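The values are calculated or read from the model by the stated rules, or taken from the named source; none is laboratory data. Quantities reported herein were computed from a predicted structural model and do not represent experimental measurements. Quick reminder, even Gly has a Cβ in these numbers, built from the backbone with ideal geometry, and neighbours come from all protein chains shown. Note: accessible area is taken over every heavy atom of the protein model, side chains too, but ligands, DNA and RNA are not part of it. Shrake-Rupley method; radii C 1.70, N 1.55, O 1.52, S 1.80 Å.
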Amino acid sequence: EKEAALAEVLENYLHAIALGSTDAMYELAVLYLNNHYGEENRASGVTLLNQAASAEHSDAAMFLAHLYYTGDLVDRDLDQARVYYVQAAELENDFARRSYARFLLDRSIEQEGDPRAIDWLEELAENEDAEAMLLLGNLHARGMGTDQNFRRAVAWYKDAVKAAPQDASIVNEVAWTLTVSHYEALKRTEYARDIMDTLMTGNEAARARPEYLDTWAAAHAANGDFDQAIALQEEALAAADALEFEGVKGILQTHLDAFKDGQTITETAP
């Protein structure tokens, strides 16, 4: 029954593609790439994505950007990835605009900034997009596509938290950056501690996550409260045990040892 259903789906998509549907090209490409029609047909998904992107299908361009960024099914090509991110962003794909900023900020690939990324994110920020605000903070802190400006970066970070005060991912990333950043002028440790206090005392799901507890502990340590930092870091290790997150326990233990020695955490961020 599954094979018959997939065959019918394939026939319908091929018919729609013959009629020029770029949505059908994209959707069938996703099925191919997700291995619904066998490993031997996955490469056909890339071909369909190229056809759809050539016809200005923004999701297809975004998917191609991801493939060239990761090197999945194609040779890794960061220049080509950048081209497709820009294409999708110019087609007003909000996800692509945020993803392009993340791509530019990836320190492992050393990309040059792009002023257009600032403009696109500011458009999203006008609609209270908290992630766009966070990314604007990162770009201003790094001076990518704009002049480096820590004051403006902090303003964007605070706007992001104000727009999504209970979004644990947003609050955690802002607090971590303002606590541990190697840019001393960027640090706002009291503010970071306060937003983590608010988040973690009011959000049970966040309180169970070791990565958020780690940030909370680091923020208290940065404000000189090492007893509380140690208690929270021990809670982070217990949470990692409960969730069987073995891969993070080493860094959590390293941070705990630092707090016991009266040391704070500093790392390259953002």
Review point. So which residues in segment 11-21 are open to solvent by 40 Å² or more (accessible area, probe 1.4 Å) and assigned to a helix (DSSP H, G or I), if there are any at all?
Key: Glu11, Asn12, Tyr13, Leu14, His15, Ala18
Review point. Which one of Ile230, Ile195 is surrounded by 14 or more Cβ atoms within 10 Å (Cβ to Cβ), more than 30 Å from Glu128 (Cβ to Cβ) and more than 19 Å from the chain's Cα centre (by Cα)?
Key: Ile230
**Study point:** helices (runs of 4 or more DSSP H) wholly inside segment 73-149 that include at least 2 residues being out of contact with any Cys (no Cβ under 7 Å at 6 or more places or on another chain), modelled with pLDDT of 95 or more and open to solvent by 70 Å² or more (accessible area, probe 1.4 Å)
**Key:** 78-90, 94-105, 115-125
Check your understanding: Quick check: anything in segment 50-70 open to solvent by 10 Å² or more (accessible area, probe 1.4 Å), part of a loop (DSSP other than H, G, I, E, B) and without any contact (Cβ under 8 Å) to a residue 24 or more places away in the chain?
Key -> no
Exercise for review: List every residue pair whose Cβ atoms sit under 6 Å apart, with the two residues 6 or more apart in sequence or on different chains, where the first one lies in segment 30-49 and is in contact (Cβ under 8 Å) with a residue 40 or more places away in the chain and farther than 14 Å from Leu14 by Cβ and the second, anywhere, is open to solvent by less than 50 Å² (accessible area, probe 1.4 Å) and part of a helix (DSSP H, G or I).
Suggested key: Leu33/Arg42; Leu33/Gly45
Practice item. Taking only segment 252-270 into account, find how many residues are closer than 30 Å to Ala101 by Cβ, open to solvent by 70 Å² or more (accessible area, probe 1.4 Å) and part of a helix (DSSP H, G or I). Key: 1
